[in-house]
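The values are calculated or read from the model by the stated rules, or taken from the named source; none is laboratory data. Predicted model, so just to flag it, every value in this text is computed and none were measured. For neighbour counting, all protein chains shown are included, and Cβ atoms are generated from backbone atoms with ideal geometry for every residue, glycine included.
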Amino acid sequence: MNTKQKNWVFSDLRLQKLRQEYELYTAEDFSVWKILFERQMPNLPKAASKAYLEGVEQVKFSADKIANFDELNQVLVKSTGWEVQVVPGLIDDDLFFGLLNNRRFPSSTWLRTMEQLDYLEEPDMFHDAFAHMPLLTNQPYVDFLENLSGIALKHIDNPWAIQLLSRIYWFTIEFGLIKEEGELKIYGAGILSSAGETKFSLSNEPTHLVYDVRKILNQEYWKDRFQDKYFVIESYKQLYESLPEIEAVLEEMLVDGEK
């Protein structure tokens, strides 16, 4: 059994009974979704990547309806072969990367409360769904996500390797920018779910850097405030095509770290 198969069998046993219990969402849950959606969505037609906006249309997200994973999976399977997998919250690295490497995007189902509208320590379902899932309809993007996770699984027992790869994930999937028709646009989910960082990331305040694998692998990031640096890709194909370089530079850094 190879690494990919081993991790998937293990993860499936832990998650097979979890589902989105849509009927249990409360009136407050629907209100929270609506407030967050209506607060952020008007900012995105001019700020977000074209692929994200097209994805929103495909998955049919709206202010009045919390994302329904059963309906969403029907769209994603036909589009890119991906599905959403319910998880209880933050999960271990082996499970996280095992799911992604098997084309399953991990998502919680709980929504923040009214008192938590502006800050959460742990990502909730609004972040997971609204910010991440529309881009799961983009083939080069999900191919990058799947294969980056495959690299992580090869090094799953090496905390330093996982920390380095988390920088790639952070500065692309969570906080990446893309240049489209000469303009900066957002595709990183951490920005897409934040009205404040949407405005900040596209302003002249932070530093915008050309996508550079080696620089990213050597770049630390912040979890408790806006980033001071954002890396800009030219296309999602560029992300996918950078995977051999990611693996090569990672191996080089791991060898150097052992000296």
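Structure above, values below:
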read-out: Whichever residue in the stretch 192-208 is modelled with pLDDT of 95 or more and hydrophobic (A, V, I, L, M, F, W, C) and, among such residues, is surrounded by the fewest Cβ atoms within 10 Å (Cβ to Cβ); value: Phe200
read-out: Failed criterion for Glu180 (all others in (1) at pLDDT below 95; (2) surrounded by fewer than 18 Cβ atoms within 10 Å (Cβ to Cβ) hold); value: (1)
read-out: Long-range neighbours under 8 Å by Cβ, at least six apart or interchain, first residue closer than 15 Å to Ile178 by Cα and surrounded by fewer than 19 Cβ atoms within 10 Å (Cβ to Cβ) within the stretch 209-231, second of a type in the set (Lys, Arg) and at pLDDT 95 or above; value: Leu209/Lys215; Leu209/Lys229
read-out: Residue within the stretch 101-108 that is in contact with a strand residue (DSSP E or B) (Cβ under 9 Å, 6 or more places away or on another chain) and basic (Lys, Arg) present; value: yes
read-out: Which numbered condition Ser49 fails, given (1) at pLDDT 95 or above; (2) within 16 Å of the chain's Cα centre (by Cα); (3) farther than 29 Å from Gly196 by Cα; (4) among the polar types (S, T, N, Q); value: (3)
read-out: Conditions (1) surrounded by 21 or more Cβ atoms within 10 Å (Cβ to Cβ); (2) under 21 Å from Ala195 (Cβ atoms): number failed by Asp118; value: (1)
read-out: Filter result for the condition that a residue is farther than 24 Å from Ala63 by Cβ and either buried (at least 19 other Cβ atoms within 10 Å of the Cβ) or basic (Lys, Arg) (or both), over Thr137, Thr80; value: Thr80
read-out: Selection within the stretch 15-39 - polar (S, T, N, Q), modelled with pLDDT of 95 or more and part of a loop (DSSP other than H, G, I, E, B); value: Thr26
read-out: Residue check for Thr198: more than 18 Å from Lys237 (Cβ to Cβ) and in contact (Cβ under 8 Å) with a residue 24 or more places away in the chain; value: yes
read-out: Residue pairs meeting the criteria (Cβ under 6 Å; at least 6 apart or on separate chains; first modelled with pLDDT of 95 or more, in the stretch 128-142; second of a type outside the set (Ser, Thr, Tyr) and part of a loop (DSSP other than H, G, I, E, B)); value: Ala129/Ala67; Leu136/Trp82; Val142/Trp82
read-out: Evaluation of Ile162 against (1) among the β-branched types (Val, Ile, Thr); (2) surrounded by 20 or more Cβ atoms within 10 Å (Cβ to Cβ); (3) within 22 Å of Tyr211 (Cα to Cα) (one fails), failing number; value: (2)
